[in-house]
């Protein structure tokens with residue numbers, strides 16, 4: 001009898017916790033893409049997903065894949081784990097960096113062209129540009145404005161026009177984490 005009561009209590013707690021949990025369409029979408037697990041963790045840590053879920057959009061998200069995320073942080077002796085842990089100050093720092101790769105409005109691949117300057121949602125509107133491949137093979141790159149960054153600060157657009165389910169946002173997967181000089 002005690003076992004049944006305990007089982008009923010556990011089920012009741014699971015039901016209640018299900019109602020209390022907040023869901024994020026943005027996080028749920030990115031969690032379905034394994035190669036974006038670092039980016040997803042950073043969105044969650046920074047709380048930026050709340051803006052992306054809100055009514056102020058739509059947004060275009062340039063999301064670095066795991067390999068690009070790790071490669072881009074390595075010169076700074078940083079890891080994605082360190083980037084996504086800590087207190088409020090660290091979360092705000094992560095948010096500022098992530099905001100650089102998000103622009104207001106919807107920019108599909110067909111809208112992107114060489115020389116296009118995209119202004120981020122950072123408070124100062126720092127911009128990055130779209131550039132063609134150096135080898136003229138049709139690939140496009142998102143290029144950050146931080147010229148100090150020795151690995152080129154450019155990420156090839158690997159996948160494009162991913163519709164973020166439950167929002168009006170779209171995402172492009174890129175091969176680098178972009179940095180700005182205008183923090």
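Evaluate the following for residue 114: is it more than 25 Å from residue 46 (Cα to Cα), out of contact with any helix residue (DSSP H, G or I) (no Cβ under 6 Å at 6 or more places or on another chain), part of a loop (DSSP other than H, G, I, E, B) and at pLDDT 90 or above?
Judged against the criteria, residue 114 is a match.
Does region 83-93 contain at least one residue that is buried (at least 17 other Cβ atoms within 10 Å of the Cβ), at pLDDT 95 or above and in a helix (DSSP H, G or I)?
Checked region 83-93: no residue is buried (at least 17 other Cβ atoms within 10 Å of the Cβ), at pLDDT 95 or above and in a helix (DSSP H, G or I).
Consider region 62-82. How many of its residues are without any contact (Cβ under 8 Å) to a residue 24 or more places away in the chain and part of a strand (DSSP E or B)?
0
Scan region 131-142 for residues that are out of contact with any helix residue (DSSP H, G or I) (no Cβ under 8 Å at 6 or more places or on another chain) and under 23 Å from residue 38 (Cα atoms) and report the count.
2
Is it true that residue 116 is surrounded by 12 or more Cβ atoms within 10 Å (Cβ to Cβ), touching a residue at least 12 places away in the same chain (Cβ under 8 Å) and within 14 Å of residue 174 (Cβ to Cβ)?
In short, no.
Listed here are the residues, each with its yes/no results for (1) over 24 Å from residue 105 (Cα atoms); (2) in contact with a strand residue (DSSP E or B) (Cβ under 6 Å, 6 or more places away or on another chain); (3) modelled with pLDDT under 85.
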residue	(1), (2), (3)
20	yes, no, yes
27	no, no, no
31	no, no, no
56	no, no, no
64	no, yes, no
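In region 94-111, how many residues are in a strand (DSSP E or B) and crowded, with 19+ Cβ neighbours inside 10 Å?
2
Which of the residues belonging to region 140-176 are modelled with pLDDT under 90, over 16 Å from residue 121 (Cα atoms) and assigned to a loop (DSSP other than H, G, I, E, B)?
Answer for region 140-176, where residues must be modelled with pLDDT under 90, over 16 Å from residue 121 (Cα atoms) and assigned to a loop (DSSP other than H, G, I, E, B): 146, 147, 148, 149, 150, 151, 152, 153.
Out of (1) in contact (Cβ under 8 Å) with a residue 40 or more places away in the chain; (2) surrounded by fewer than 19 Cβ atoms within 10 Å (Cβ to Cβ); (3) under 30 Å from residue 23 (Cβ atoms), the odd one out for residue 59 is which?
(2) is the only condition that residue 59 fails.
The values are calculated or read from the model by the stated rules, or taken from the named source; none is laboratory data. All figures in this text were calculated on a predicted structure; none of them were measured in a lab. So basically every Cβ, Gly included, is an ideal-geometry build from the backbone, and we count neighbours across all protein chains shown.
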